[in-house]
Every structure is written in C-alpha cells, then in structure tokens.
Amino acid sequence: MTRIVFTLVLMMFGILPIAMANLPIDANYLMSKNFIAGKISAFNGQVIMTLINEQGQQRERKMKMWSKIKSNGDTDTEVMMRFISPADIENTGFLQIENSKADDDIWVYLPALGKTRRMVANNKRDSFFGTDFSYGDVLPPAVEKYNHRYLRNEKVDEEDTYVIESIPKDTKTRDDSGYSKKISWIDVGNYMERKVEYYDISGVLLKTQQSSDFLLIEANRKRWIASSREMVNRQTGHKTIYKLENVTLAEDLKDSFFTTQTLEK
Amino acid sequence: MSNLSASFLIILVSISFHVRADYEGVDGWVRLDFFSSTRTLDSRFGAGSAEVGLKYYNDISDDMKIRLGGELYQDLRDGETKLKFDETYWQIHSNRIDFIRIGWQKVSWGKTDGLNPTDFFTPHDYTILQPFEEDQRRTIPAIRVDIPVFDAHTLSLVVEPYFIAEKQPFSRDVHVIEQKPDGLRHPQIGARWLSFGDNVDWSISAFHGFLNSPIYEGSDNALYRYYTRLNGFGADIAKNFNRWGFRAETAWLQPDHFNESSIQPYLYSVAGIDHGDNNWNVNFQFVAHYTPNLKDNRNTSSNPITNMATQQNAINFLQLNEIQYGFTSRISNNWLNQTLQGEILMMGYFNPGNTMTRASITYAVSDNDSVTLGGELYTGPNVSFFGQMKSNRTLFVAYRHSL
C-alpha cells in the first residue's frame, strides 16, 4: 500500500508540471496583472524628459509629478504634473482623473492666462507637450477594451517576457488612442512592460518604448514603477527619454489635492 | 507706483530675504518686437518695443509662497518706458482654505475662448504693441480667497482695492479728461461658485464694482472718460461630448446710473465648440450682445463732442443695434514635436459686418529662444468695433529669449 501511494506521488510530481506547462497562457490574465502591477497607491517624484530629434538636438522638460489611486475602491488613477522648466512652460499644470466607466477628465493650467482649461479627453493620440508620449500613454488603457493574444516568450535585456498582442475591440478605442495594435513584452517576474511596439491606424509601426530600472515602490502589494523609459517614433526618428527621480511613496496624499484649484495655486 | 504698492513690495522683498525658503529661484526674459503699424489709430509706419521681465519665486514652505515679478517695457518709437507688475503676491494655504493670495495677480474668470463676459476683474491693455491675449491681460492688486465648500465645489472671493482701467486705442484731436474711481473708497468685490469634474465644469458669479472699459461723455469743450459702477451676474459651463468640447458663458451687466450718452444694461453671451485631432485644434464660437429697449442717442445733440462720445460708446459697447451678433474662430496646429506652432484667429460682428483677422507662426529655435511672425487685418466701416481700427493693421516679428 505504501509502495502504491509513493508511486502515485512520484507520478503526480512528474505529470503535473508537464500538464501545467501545456496549459494555454491566458493573455487577458497577463494584461490584467500588467495593469495592476503599476497601480501604486500614491507617490510623487520628479520627471525629466529629454527630447532628441534626428539631428541629435536636445530639449529638456522637467516636471514634478503626483499620482494616486482614487479612494472610490476602483483602480482609477489621478495624476497631476507641474512643469519646472523650460521657462516658456514653467508652472504649466496638467491634471488627469481616470474614469474607467466614462471618459477621463483632463485639464491644463495655462499660467500666462491664469486659467484652467478642460481638454477633450478623446484626444489621447495627441502628443503630450511635444514629447513622443501621447496623452493616452500617461495612464495605461483599460484591459477590457482590447482583444489580447499571447504570441510567445522572449528575452528582453536578458529577462524572460511574455509577448502579448493587443488589438482594440472597437473603432472608438482605436481612433481615440491612435493605435491599431500594440505588442507588449511583459516581464514574467513583475508583470511590467519591458518593451512595447505601437502601430498606427494604418497598421504601420509608429513607436517603440523600452522601459528599465524598475523600482518596487509598494513591496506588500507588489507594485512597481519604471524609472526609465525611452520612446522612439519610428516614422520621424524623434525620441524622448523619460527619467523618474526622487520617487517617494506618498500615503498622505488626498483626493482633494487632485483638483483644478491645486492647479491654480 | 502708488505708496501702497511700494510698501507692499518692500514687505514682500524683506520677507523673501529674511526667511529661509524650501525652494527659490529667478527667471527672466528679453523680448524684441517690430510692428509695421502702431496701435494709436494713425497710419504711422514702423514701431518697435523692447521688454525685460524678471520673476522671483520663493516657496517658503508647503503652505506659504512669495512671487515677485515685473516687466520693464519700452516703446522704441516714443521712448516711453513703463514698469508693470507681473504676479507679485504672498500666498498661504491650509486644510480649511485652498489659498489666500494677496498682491498683484491674475483673476481670470470664464471658460470660453478669447471673449469672456464673466471676466469682470481683468483689464486689458489694447494699446500695447504685442497682440496676444497673454500680453494684453493685466494683473490686478487684489485679495483672493478660495474656499473648498464640499466635494469638487469651491467658493472664490475677490476684493480689489485699487482700480486698474482698461486701455483702448483712441485718437482724437480733442482734449480728454479722465476720471478714475477711488478703489480704496470703493473697492470692487466679486464672488464665484465653481464646480468641476464628471465631464462638466460650471460656475456662477456675481460682481460689484466698476466697468474696466471707459465710457465717454461730452461737454462744451472737453471729452470726459470715466468708468461707471455696475453690478454683474454671470455663469459659464464647459462640457465634453465625445470628441467635441462645448463651452458657453453669459453675463448680465447693469450700470448703476446710465443716461442718454452712457451705456445701457446688456446681456453678453458667448457659446461654441472646440475640437482637436492629431495636433489640429478648431474652435468656433457664436457671440450675442443684447441691449433691451436700446435708445439710439447718437447724433441727437447739437454738441459735436457729445455726439462723438455717444457714437464711441455705442461702438465700443456693441450698442449700435439692440442685438449685435458676432463670432470667433480659431484654427491652430503644431508640427515638429510642437516646436513649430501656427494659428489663425478671426473675430467679427454682423450688422454692420466688421472683422479682425490675426495669423501667426512661432518657431522654438531652442528651449530658450523663439521667433514669431504674424499679421493683423481689420475690416468694416469706420463706425464699427473693428472697422475703426483699420489703420492698426500690421505685420509683426518678435524674438524672445528666456534667461
């Protein structure tokens, strides 16, 4: 009897891994994990964006950044940015409040006029203050708006990743984002995007993003942030290097901070 | 600069030098402009200006900051030099109030583009050579308190104890006597209730003070320019519908006293749409100016100066007809990662038809240097808002360097 039980256990440890290895990989599950992996409760930091054109000329944008998940129990995020330099956009403010069940609310504060303007949220394909990131790249898109398909495993920077193709489910999502397809390389360990390819409405490769220097900001919830990103526009040759510095968990940030009044302070 | 302003400036400077700041810095800029025409309703060719601006900022703590800003502006044609306060204020905030701001500041109300009926406080300087809205808007000395009332609602209270008049181009061979109100004895006050969020922003506002724009009154041998007391009530809204933004704003302005030669109470409304796509932005607005029971008193006096005054008031305050309709339209685009920006703005009124068109293109040579080329054209009969400015049509070039 003991021999039979022992044999069965040995078989289980032999067969199970083989069986599990052959289970189909759930792309929706992986993209949901990716969506959550970057959802830090609240943090602030300083962002430096370096814009480099094809001729190698550089411009720099510095800004302070605050981000928080709304207290409504969902994963909706509030983001505020305030430009520090260059001088012609200094003190310009940007506020985005994500609404998973509706369009996001976006405002821009223009210090030269002393006014806050509400922006049309569906212009997510537009460039974020002249960089190669679009407004839609500021916050990750909702997982359920795309059809996801696992393609393969691959190494990026010597790390294992899942390669996932995401196609918008409807023309509104496609037109709002400006992307007909995204291919994401999702880190097997932390579920963060190490690389992303963005394809324009015509299906031609538009941009590629490479991320690195991941920081574990909330260890108990396994939430990460990429402190370095490089976005390259493959059609114009222009690129933007994004660096996040002095990142601090900000548990005392309140929803009341993310208001148009704060933009105008 | 008044004694009060000078004293306030000295206090701010003293605090800045004696208090250790969390964060402080200085910015500045130099700007040179050339215009083919002046803004004094004449046909003189060639005008230039030079401007130097400095801003000092001092974040004393998370709850307190000081800003010191000023501009030295010289009209190169006449040699006239002006010192203007930019934002120069002391600001504190706490858990119970968003902020209290005391000093020279921008108080900009209204959500529509360019024309804002509810912008009761902001005077404009239309005699300055630079044509853009941010150049023409002036800061005011005020105390502003913003108080969060409940979730996503704010009450903003403003008191302005020193009156700043709007400056409009005016060229006549008549002696003008200006009468400005005493702001300390009659401070201007305003209140605004704002709501934002959930795809719609709106506000309602009330104002008691003086009209920034001058009213003319004639006597036997002189033209008087004065600023009437009035009460104003306004509302505005901004809401998105999918890819389109809708903006509307309206205000009722009731002068305290009005007679045959001054302006009469009126309703001023602007409503329009905004749409952007792939770096293009298009904005179109409809304007309506309604003066109920308008009495047309132009050219009814035997005194030509009185007739001149009533005509100028009717033109400036769009009271040539009981209802005057108009429009604004703006098309803009940017290229090369927003280093190159172009815009065409057109504003106009009907009955009679008169327009202003401004086209401009700006190139950011670097993060510190930019060049702007542009032009302005005015059309319409002389007895109309834009038509009277036909001699101000101009081509311009501006260079700006940030220090």
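So the values come out like this:
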read-out: All positions within segment A:118-128 that are among the basic types (Lys, Arg) and more than 7 Å from chain B (Cβ to nearest Cβ); value: A:Lys124
read-out: Single residue of A:Leu113, A:Leu51 found to be at the interface with chain B (Cβ under 9 Å from one of its Cβ atoms), more than 18 Å from the chain's Cα centre (by Cα) and outside any strand (DSSP E or B); value: A:Leu113
read-out: B:Gly374, sole failed condition from (1) under 20 Å from the mean Cα position of the chain (by Cα); (2) in contact (Cβ under 8 Å) with a residue 24 or more places away in the chain; (3) closer than 30 Å to A:Glu90 by Cβ; value: (1)
read-out: Flag if B:Val383 is surrounded by fewer than 17 Cβ atoms within 10 Å (Cβ to Cβ), away from chain A (no Cβ under 14 Å) and part of a strand (DSSP E or B); value: no
read-out: Candidates A:Thr240, A:Thr259 - the one that is in contact with a Ser or Thr (Cβ under 7 Å, 6 or more places away or on another chain), at the interface with chain B (Cβ under 10 Å from one of its Cβ atoms) and of a type in the set (Val, Ile, Thr); value: A:Thr240
read-out: Looking only at segment B:148-174, and only at residues there that are among the acidic types (Asp, Glu) and more than 10 Å from chain A (Cβ to nearest Cβ), the one that is nearest to B:Gly218 (Cα to Cα); value: B:Asp173
read-out: Subset of segment B:93-121 that is in contact with a Phe, Trp or Tyr (Cβ under 7 Å, 6 or more places away or on another chain) and closer than 26 Å to B:Val26 by Cβ - its residue that is modelled with the lowest pLDDT; value: B:His93
read-out: Condition check for B:Ala191: more than 14 Å from chain A (Cβ to nearest Cβ), at pLDDT 90 or above, touching a Ser or Thr at 6+ places or on another chain (Cβ under 8 Å) and in a strand (DSSP E or B); value: yes
read-out: Residue list for segment A:113-160, filter: without any contact (Cβ under 8 Å) to a residue 60 or more places away in the chain, surrounded by 18 or more Cβ atoms within 10 Å (Cβ to Cβ) and of a type in the set (Asp, Glu); value: A:Asp126
read-out: Residue in segment A:49-60 that is modelled with pLDDT of 80 or more, surrounded by fewer than 17 Cβ atoms within 10 Å (Cβ to Cβ), under 30 Å from B:Leu340 (Cβ atoms) and acidic (Asp, Glu) present; value: yes
read-out: Meets criteria (more than 30 Å from A:Asp132 (Cβ to Cβ), in contact (Cβ under 8 Å) with a residue 40 or more places away in the chain and of a type outside the set (Phe, Trp, Tyr)) for B:Thr310; value: yes
read-out: The listed residue being touching a residue at least 60 places away in the same chain (Cβ under 8 Å) and among the small types (Gly, Ala, Ser), out of A:Ser71, A:Ser67, A:Ser100; value: A:Ser71
read-out: Subset of segment A:222-265 [under 26 Å from A:Asn190 (Cβ atoms) and either in contact with a helix residue (DSSP H, G or I) (Cβ under 6 Å, 6 or more places away or on another chain) or of a type in the set (A, V, I, L, M) (or both)]; value: A:Trp224, A:Ile225, A:Ala226, A:Met231, A:Val232, A:Ile241, A:Leu244, A:Val247, A:Leu249, A:Ala250, A:Leu253
read-out: Lone qualifier among B:Glu80, B:Glu87 - being farther than 22 Å from B:Ile237 by Cα, touching a Ser or Thr at 6+ places or on another chain (Cβ under 7 Å) and either more than 10 Å from chain A (Cβ to nearest Cβ) or not aliphatic (A, V, I, L, M) (or both); value: B:Glu87
read-out: 2 or more residues surrounded by fewer than 17 Cβ atoms within 10 Å (Cβ to Cβ) and among the hydroxyl-bearing types (Ser, Thr, Tyr): qualifying strands (runs of 3 or more DSSP E) within segment B:90-169; value: none
read-out: Positions within segment B:92-147 being under 13 Å from the mean Cα position of the chain (by Cα), facing chain A (nearest Cβ under 10 Å) and of a type in the set (Asp, Glu), in sequence order; value: B:Asp113, B:Asp119, B:Glu133, B:Glu134, B:Asp135
read-out: Odd one out for B:Met356 among (1) within 19 Å of B:Pro131 (Cβ to Cβ); (2) within 14 Å of chain A (Cβ to nearest Cβ); value: (2)
read-out: Candidate set: segment A:243-254, residues that are within 14 Å of chain B (Cβ to nearest Cβ) and over 25 Å from A:Phe129 (Cα atoms); chosen: the one surrounded by the fewest Cβ atoms within 10 Å (Cβ to Cβ); value: A:Asp252
read-out: Residue match in segment B:322-333 (condition: away from chain A (no Cβ under 14 Å), surrounded by fewer than 18 Cβ atoms within 10 Å (Cβ to Cβ) and at positive phi); value: no
read-out: Qualifying residue in segment A:83-106 (condition: within 8 Å of chain B (Cβ to nearest Cβ), among the small types (Gly, Ala, Ser) and either touching a strand residue (DSSP E or B) at 6+ places or on another chain (Cβ under 6 Å) or not in a loop (DSSP other than H, G, I, E, B) (or both)); value: yes
read-out: Residue in segment A:60-79 that is facing another protein chain (nearest Cβ under 9 Å), under 30 Å from B:Glu87 (Cα atoms) and in a strand (DSSP E or B) present; value: yes
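The rows are residues; the columns are (1) part of a strand (DSSP E or B); (2) among the charged types (D, E, K, R); (3) within 14 Å of another protein chain (Cβ to nearest Cβ).
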site: B:Pro181; (1), (2), (3): no, no, no
site: B:Ile204; (1), (2), (3): yes, no, no
site: B:Ser213; (1), (2), (3): no, no, no
site: B:Glu217; (1), (2), (3): yes, yes, no
site: B:Thr250; (1), (2), (3): yes, no, no
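Residue-by-condition table, conditions (1) more than 28 Å from A:Pro86 (Cβ to Cβ); (2) at pLDDT 85 or above:
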site: B:Met1; (1), (2): yes, no
site: B:Ser16; (1), (2): no, no
site: B:Asp22; (1), (2): no, no
site: B:Arg31; (1), (2): no, yes
site: B:Arg39; (1), (2): yes, no
site: B:Ser43; (1), (2): yes, no
site: B:Gly46; (1), (2): yes, no
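The values are calculated or read from the model by the stated rules, or taken from the named source; none is laboratory data. Remember, it's a predicted structure, so these values are computed and weren't measured experimentally. Cβ: placed from backbone, ideal geometry, glycine included. Neighbour counts: every protein chain shown.
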